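The values are calculated or read from the model by the stated rules, or taken from the named source; none is laboratory data. Just so we're clear, the structure is a prediction, and the values are computed from it rather than from any experiment. We place every Cβ from the backbone using ideal geometry, glycine too, and count neighbours over all the protein chains shown. Surface accessibility is based on the protein's heavy atoms, side chains included, excluding ligands, DNA and RNA. Shrake-Rupley method; radii C 1.70, N 1.55, O 1.52, S 1.80 Å.
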Amino acid sequence: MASRTPPFLTNTYDLVDDESTDRIVSWNQTGDAIVVWDTAEFSRDVLPKYFKHNNFSSFVRQLNTYLTECFTPFFKDVI
């Protein structure tokens, strides 16, 4: 059975990868982290296009939840 990528992660990738919003949110120089350049504009203009809310704190909290879930198996012996 194939695993399905959660919509939150797909939407997050899509919004960061959209070159039209690079002045608001983009990948860092090495492409391994997200940089939000303008949190107010990100919340007002970008988040509602991809999610049912415009709350930056909720977005960060959910992103942290997914990152914890993704990396916990790699650190199970350390945690």
Quick one: how many residues across segment 37-60 are open to solvent by less than 40 Å² (accessible area, probe 1.4 Å), outside any loop (DSSP other than H, G, I, E, B) and in contact with a helix residue (DSSP H, G or I) (Cβ under 7 Å, 6 or more places away or on another chain)? 5
Yes or no: segment 70-78 includes at least one residue that is surrounded by 12 or more Cβ atoms within 10 Å (Cβ to Cβ) and modelled with pLDDT under 95. no
Residues satisfying the stated conditions in segment 10-28, i.e. open to solvent by 50 Å² or more (accessible area, probe 1.4 Å) and part of a helix (DSSP H, G or I): Thr10, Tyr13, Asp14, Asp17, Glu19, Ser20
